[in-house]
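Notes follow once the structure below has been shown.
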Amino acid sequence: MKPFKTTSLDIAARAGVSQSTVSRALRNSPQVSAETRRQIQRIAREMGYTVDRNASRLRAKTTSTLALLLCEDEIESHINPFFLSILSSVAHAAAGHGYDLLVTFQQLSENWVMDFQDAHRADGLILLGIRDRESYDAQLVGLEASGTPFVIWGLEHHVPGVSSYLTCQNQESARELTSHLIRLKHRHFAFVGVTSTANPEFTHRYEGYLEALASHGIETDPGLHISANSSETEGYDAVEALLANGRKVDAIVCASDLIAIGAMAALHDRGLDVPGDMAVVGYDDLPIAQHTRPALTTVRQDTELAGRKLAEHLIHLIDGQDVQPEELPVTLMIRQSCGARD
């Protein structure tokens, strides 16, 4: 005789709800109230219920998998630690909702929309690292038209029909970061970071920087904007170029922490003190930022919240719910890499 195996019908009978409610509760679906989810999950544990994931997937014609796509321009030589932090949070949130996470890298030349639809390896997509709107907008519109659930991190321009994206307060926070330096009596500024349609987040940070300077009557010198992608090497090279041009600078605003770390290394190698000779600030608050010497003043993006929100928004879409664009709050982290001028 086979041992008795608890089914979702048994749980439904004990909880006094329908089988479909049990199924949703065990997936942590927001369509079921938090109190009812807790009750059903408690009963399931007490009755020793285990999910036959293969059977449930066949019944629902789903994969119980979320896909996270990292675009190639973020992985040329390394994965940005900021995205690794988001990825970790997405994985934890997905598991909490009963989903596996498939991580994949995509090349710009690939028709990843068609590939994803043909393979159907996941129920929805999370997109990280989208930059160049010319390369992606048409595919995003096609993805939306296909009915495939997807959520984007960092998209800061309007794509017709696409509303499922999250970002942070890039422009506002960069304005406040620069204003903090101005309050410390810095007056000669440089900005390090590439600004183009291919990098909207850096562009918005640059715009916030310019707004802060303008609001305090500080003239902008175009020669003190040095282009750099998000890496220590490019930050180092950018500051080398900045120092070579001979213009007076007492504060460097970097578009990312990786750039700022490279910038401080270049200043150290030139025998310049941070912040005594020059203040340096970054953006992201990577874990290493508080351990640099001096510790880096930066803007903290809450990667735990970002990852959780990305997973939850995508699961809402998979469950047939609407989601709205969301701009997540950030925090200014004041540390020792910027000091008051005499």
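The values are calculated or read from the model by the stated rules, or taken from the named source; none is laboratory data. Because the structure is predicted, anything quoted here is derived from the model rather than measured. Positions of Cβ are generated from backbone atoms using ideal geometry, with glycine treated the same way; all protein chains shown enter the neighbour counts. The accessibility values were calculated without ligands, DNA or RNA, using every heavy atom of the protein model including side chains. Shrake-Rupley method; radii C 1.70, N 1.55, O 1.52, S 1.80 Å.
Data table
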item: Among the candidates L317, L286, L305, residue that is of a type in the set (A, V, I, L, M) and touching a Phe, Trp or Tyr at 6+ places or on another chain (Cβ under 7 Å); result: L286
item: Complete set of residues in segment 166-224 that are among the polar types (S, T, N, Q), in contact with a helix residue (DSSP H, G or I) (Cβ under 6 Å, 6 or more places away or on another chain) and crowded, with 16+ Cβ neighbours inside 10 Å; result: N170, Q171, T178, S179, T195
item: All strands (runs of 3 or more DSSP E) inside segment 193-302 with 1 or more residues being more than 16 Å from S173 (Cβ to Cβ) and at pLDDT 95 or above; result: 251-254, 279-281
item: Criterion (of a type in the set (V, I, T), over 18 Å from the mean Cα position of the chain (by Cα) and surrounded by fewer than 17 Cβ atoms within 10 Å (Cβ to Cβ)) met by exactly one of I334, I318, I288; result: I334
item: Criterion violated by T233 - all others in (1) within 29 Å of P329 (Cβ to Cβ); (2) within 25 Å of the chain's Cα centre (by Cα); (3) open to solvent by 30 Å² or more (accessible area, probe 1.4 Å) satisfied; result: (1)
item: Whichever residue in segment 236-257 is among the aliphatic types (A, V, I, L, M) and out of contact with any strand residue (DSSP E or B) (no Cβ under 8 Å at 6 or more places or on another chain) and, among such residues, is least open to solvent (accessible area, probe 1.4 Å); result: L243
item: Residue that is surrounded by the fewest Cβ atoms within 10 Å (Cβ to Cβ) [pool: residues in segment 42-67 that are at pLDDT 85 or above and within 31 Å of the chain's Cα centre (by Cα)]; result: T65
